[in-house]
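Input: a single structure, listed below in structure tokens.
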Amino acid sequence: MKADIGLVGLAVMGENLVLNMESHGFTIAVYNRTVEKVDAFTSGRGAGKHIIGAHSPKELVAVLKKPRIVMIMVRAGSAVDDTIAQIAPLLEPGDIIVDGGNSNYQDTMRRLAELEGKGLLYVGTGVSGGEEGALNGPSLMPGGSEAAWPHIKPIFQAIAAKVDDGSPCCDWVGPGGAGHFVKMVHNGIEYGDMQLIAEVYHMMRDQLGMTPDEMADVFEAWNKGELDSYLVAITRDILRFKDEDGLPIVDKILDAAGQKGTGKWTGITALDFSVPVTLIVEAVFARCLSAMKDERVRAVKILGKPSGARFKGSRGAFIEDLGKALYAAKIISYAQGFMLLREAAAEYGWKLNYGSIALMWRGGCIIRSRFLGRIKEAFDAEPSLSNLVFAPFFAAQVLENESALRNVVGEAVASGIPVPALSSALEWFDGLRTERLPANLLQAQRDYFGAHTYERIDKPRGEFFHTNWTGHGGSTAASTYVV
Ligand code: 6PG
């Protein structure tokens, strides 16, 4: 018996992907660096199935059909390089290595160049949906050597999540690091969605004094409308969950968020590309601030708590506004995420299909939602759409919910509840619609102190001017460049 695919790395994601592939009729060879895990798996969860245990990379490669496909599911970083170093020398030109971890897309581009140089094919794929998704249908975002796609497509599309019409949440994303780039942006958006939900929860808890059960009822209702999504659904379930003593467990969890770095990468990339992905960056910093627990406790002792205004309005109307604000901010966050994808496509010459990316995220992954169906429709109707909020549907939706967002942010500011993601959404939206920002003054300042020059509204774009502001600065201008 020969295997259709080999998989290295039997942690929970790897194991579940193997079981998912097997349940779709594929034979999988498995290898793990700690070899006991191979036997534990083949005699445990993998027993009696079309799964071949290999005790060395050589054994793994020997049982694969050609062209060989080896999928790596190890921790992102040097472990991927180490695994490639073990596997690649055993392969022949035309064989395929697939990295399914949360690798940095730049690492993927480097590995791709190295392996293609040896005649091998390399795919960096996003895999989202956690352990349950890996087992029952993840969202898969593969990119890299396109010649590999026909070989991995039948396996990937079989195991991926499906949307209502049966379309798989997996398609070819593009060359180079496109697959891992799209996964990185997915994770950044995940950070944004989670932070927005957390801020709304904070307002419900501290502004309205709602109990977790009351909040769960609201999230349950929201999950039946436009906010219908996995993250809203699990928030409802988390809020309802009781500890052994019968009290809500959410109240006992320390408010110090962790992170593995993919949100941070999204922010760094946004800065590198000069794309204002403000909401995701605020979401990353909100996690950083939360993690400074001791410092915050100290701050309260020294500076006291914000002593803002108490809420005086109608509770019911405000809860409705919270839902609308969440929705408006979510539209803005996705608009920002897609702006970053567009910039990366321009930078790297990738032809990204945004409708297809929305479909890949529509099911299986952590940010899956009804809303992504709407995004797919918007990009299908206008593939070259430059900004999601310009699509007629989203333009109307964001404007309809704008006053609620403004009201929620206003209340939060007045009462001293931090809402960095919600407010950054509003700031971005206001900035986008401001034809004349104060950057004219900023340009004048730059020119004043450093002769950095400016463009004029009464002259064509691209013509730069310098003013001798002080009378003794001279008329020599600095050249324009970016470090
Ligand atoms: C997914 C998730 C996953 C991510 C975790 C943890 O799509 O299944 O994005 O890939 O690793 O959500 O991320 P943080 O530890 O950074 O929150």
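The values are calculated or read from the model by the stated rules, or taken from the named source; none is laboratory data. Just so you know, these numbers come straight off a predicted model, no measurement behind them. Because the Cβ atoms are built from the backbone with ideal geometry, glycine has one as well, and the counts that use them run over all protein chains shown.
Can you tell me which condition SER103 does not meet? The list is (1) more than 16 Å from the ligand (Cβ to nearest atom); (2) closer than 10 Å to HIS180 by Cβ; (3) in contact (Cβ under 8 Å) with a residue 60 or more places away in the chain, and all the others hold.
Every listed condition holds for SER103 apart from (1).
Just checking, how many residues over the stretch 368-400 are within 16 Å of the ligand (Cβ to nearest atom) and touching a Gly at 6+ places or on another chain (Cβ under 9 Å)?
2
Would you confirm, using the coordinates I've provided, whether PRO175 is under 26 Å from GLN86 (Cβ atoms) and modelled with pLDDT of 95 or more?
Criteria met by PRO175.
Please count how many residues of the stretch 152-176 are of a type outside the set (A, V, I, L, M, F, W, C) and surrounded by 17 or more Cβ atoms within 10 Å (Cβ to Cβ).
Final tally of qualifying residues: 6.
Restricting to the stretch 136-171, what's the tally of residues that are more than 14 Å from the ligand (Cβ to nearest atom) and not β-branched (Val, Ile, Thr)?
Counting residues in the stretch 136-171 that are more than 14 Å from the ligand (Cβ to nearest atom) and not β-branched (Val, Ile, Thr) gives 22.
Looking for whichever is within 16 Å of the ligand (Cβ to nearest atom), surrounded by fewer than 12 Cβ atoms within 10 Å (Cβ to Cβ), basic (Lys, Arg) and assigned to a loop (DSSP other than H, G, I, E, B) here; the options are LYS351, LYS260, LYS312, LYS305. Which one fits?
Exactly one of LYS351, LYS260, LYS312, LYS305 is within 16 Å of the ligand (Cβ to nearest atom), surrounded by fewer than 12 Cβ atoms within 10 Å (Cβ to Cβ), basic (Lys, Arg) and assigned to a loop (DSSP other than H, G, I, E, B), namely LYS260.
Does TYR122 qualify as being of a type outside the set (A, V, I, L, M) and within 16 Å of the ligand (Cβ to nearest atom)?
Answer is no for this residue.
Going by the structure shown, is GLY133 small (Gly, Ala, Ser), away from the ligand (no atom under 12 Å from the Cβ), part of a helix (DSSP H, G or I) and surrounded by 22 or more Cβ atoms within 10 Å (Cβ to Cβ)?
no
Would you check which residues across the stretch 167-224 are under 30 Å from LEU120 (Cβ atoms) and not in a helix (DSSP H, G or I) and list them?
PRO168, CYS169, CYS170, ASP171, TRP172, VAL173, GLY174, PRO175, GLY176, GLY177, listed by residue number.
Could you look through the stretch 67-85, keep only residues that are assigned to a helix (DSSP H, G or I) and touching a Gly at 6+ places or on another chain (Cβ under 9 Å), and pick out the one that is farthest from GLY261 (Cα to Cα)?
The qualifying residue farthest from GLY261 (Cα to Cα) is THR83.
Determine which member of the set PRO89, PRO93 is surrounded by fewer than 20 Cβ atoms within 10 Å (Cβ to Cβ), outside any helix (DSSP H, G or I), modelled with pLDDT of 95 or more and more than 16 Å from the ligand (Cβ to nearest atom).
Selected residue: PRO93, the only one of PRO89, PRO93 that is surrounded by fewer than 20 Cβ atoms within 10 Å (Cβ to Cβ), outside any helix (DSSP H, G or I), modelled with pLDDT of 95 or more and more than 16 Å from the ligand (Cβ to nearest atom).
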